[in-house]
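Read the structure below first, then the notes.
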Number of protein chains: 2
Amino acid sequence: MTNKKIPVGVSNRHIHLTKEHLHILFGEGYELNVWKDLSQPGQYAAEEKVDVVGNKGTLSGVRVLGPVRNETQIEVSITDSFKLGVKVPLRNSGDIANTAGCKIVGPKGEVTIEKGLIVAARHIHMHTKDAAEFGVSDKDIVKVKVEGERGLIFENVLVRVNEQFALEMHVDVDEGNAAGITKDTKVEII
Amino acid sequence: MTNKKIPVGVSNRHIHLTKEHLHILFGEGYELNVWKDLSQPGQYAAEEKVDVVGNKGTLSGVRVLGPVRNETQIEVSITDSFKLGVKVPLRNSGDIANTAGCKIVGPKGEVTIEKGLIVAARHIHMHTKDAAEFGVSDKDIVKVKVEGERGLIFENVLVRVNEQFALEMHVDVDEGNAAGITKDTKVEII
């Protein structure tokens with residue numbers, strides 16, 4: 001077990017689209033434009049944004065992440081869910097069965113999805129080599145300590161190990177603000 | 001030391017006004033109207049709301065809490081501070097030296113304050129009898145465990161003891177959402 005520190009990424013609300021939904025929202029044959037590479041290899045924030053419309057309110061300008069996926073998924077904070085007026089469950093990315101849907105509005109069209117809205121459960125991406133160093137395996141649950149005046153210990157943190165992953169913890173905006181996390185924050189598995 | 005559970009109140013953004021500022025914002029001689037009593041004896045949410053205007057954005061309809069105080073103080077979340085475009089420090093209530101100010105707009109007038117914007121540090125109100133039961137004193141710093149799928153341990157939690165206080169932990173909206181706190185959540189000092 002190492003005491004190596006882990007960088008933290010605070011994920012703002014974002015959407016992953018299927019190719020089919022991308023074409024409805026932005027036009028037939030449309031392809032996403034890379035705005036900024038993310039820390040996970042091959043993943044990027046696209047230039048494109050959409051509006052996410054709930055029963056009660058709208059989240060405007062929600063960033064699309066690329067590349068396209070097999071299922072459309074929208075990751076919001078609990079704060080966002082109140083604005084939408086939709087009950088959004090805490091889930092691991094990809095686990096969208098029995099979640100609420102919403103309307104998605106793009107510049108060329110709109111889509112109503114039956115499911116796909118989640119609050120993403122906090123997790124740590126690790127390369128296989130990092131996992132060996134930390135002595136953990138894929139799907140382990142660990143505790144993570146954040147130092148500072150808003151210091152806290154996150155319990156129930158999922159470890160995700162893959163040879164394509166770069167070492168980084170992901171939390172949402174509520175969690176980032178609650179723990180006083182900034183772009184320079186590094187955390188520790190305890 | 002007891003293992004007694006502590007109820008949690010999630011504080012949304014709010015403002016405490018001086019009598020002078022109340023009169024400028026709502027009119028000479030104006031008095032606050034009680035909308036809802038708070039758990040701390042004598043404290044209440046008023047019917048009145050104001051707009052808080054920062055460099056970049058406005059928080060509309062910020063609830064006034066009563067009764068009036070000796071200094072005007074606005075408590076926001078870090079999420080709110082980004083919307084305002086103002087750097088707001090983490091402080092204990094009442095400690096507003098060297099904090100940022102903003103404009104406050106009411107139905108009858110407006111005030112620009114030079115200081116008063118804080119993110120309130122999490123804390124536990126306790127009656128003297130509770131403090132004895134928990135084995136803690138005023139100004140102690142404790143750790144608090146929140147159970148649940150978003151379970152975590154808050155460090156640096158200030159204990160405030162007074163014969164006028166009712167037992168309750170206060171966190172802000174970012175903290176409440178990060179920990180999955182609802183109105184039924186009870187927490188434990190560890």
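Some observations on this one:
- Apportionment of accessible area to carbon and sulfur, the range B:1-121, percent (1.4 Å): 47
- Label spacing, shortest first and in nm, from B:Lys19 to its equivalents in the remaining copies (7 angstrom along Cα→Cβ): 7.2
- The range A:13-120, accessible area per residue, ligands and nucleic acids excluded (1.4 Å, Å²): 50
- Relative to its residue count, the range A:122-189 spans a Cα convex hull of 80 Å³ per residue.
- Computed about its Cα centre, the charge dipole of chain B is approximately 300 debye, with only Lys, Arg, Asp and Glu carrying charge at their Cβ.
- Note that the range B:62-79 has calculated 3J(HN,Hα) couplings of 7, 5, 8, 9, x, x, 4, 10, 6, 9, 6, 9, 10, 9, 10, 8, 5, 3 Hz, one per residue in order, obtained from phi through the Karplus relation 6.51 cos²θ - 1.76 cosθ + 1.60 (θ = phi - 60°); glycine and proline are x.
- Computed [θ] at 222 nm, deg cm²/dmol, the protein assembly as shown (DSSP H ≥ 4; -39,500 (n - 2.57); rounded to nearest 500): -3500 deg cm²/dmol
- The alpha-carbon atoms of the protein assembly as shown define a convex hull whose volume equals 151 cubic angstrom per residue.
- Nearby aspartates and glutamates by direct alpha-carbon distance to A:Lys36 (threshold 14 angstrom, same-chain neighbours under 8 apart not counted): A:Glu47, A:Glu48
- Charged side chains reduced to their Cβ positions (Lys and Arg at +1, Asp and Glu at -1) give the range B:106-155 a dipole of some 100 debye around its Cα centre.
- Per the accessible-area calculation with a 1.4 Å probe, the total area buried between chain A and chain B rounds to 2000 Å².
- Diffusion coefficient, µm² s⁻¹, Stokes-Einstein with Kirkwood Rh over alpha-carbon pairs of chain B at 10 °C and 1.306 mPa s: 92
- Inter-copy spacing of A:Gly151 label points, which lie 7 Å from Cα along Cα→Cβ, given in nm from shortest upward: 2.2
The values are calculated or read from the model by the stated rules, or taken from the named source; none is laboratory data. Source: prediction; values computed, not measured. Cβ: placed from backbone, ideal geometry, glycine included. Neighbour counts: every protein chain shown. The area values use the complete protein model at the heavy-atom level, side chains included, leaving out ligands, DNA and RNA. Shrake-Rupley method; radii C 1.70, N 1.55, O 1.52, S 1.80 Å.
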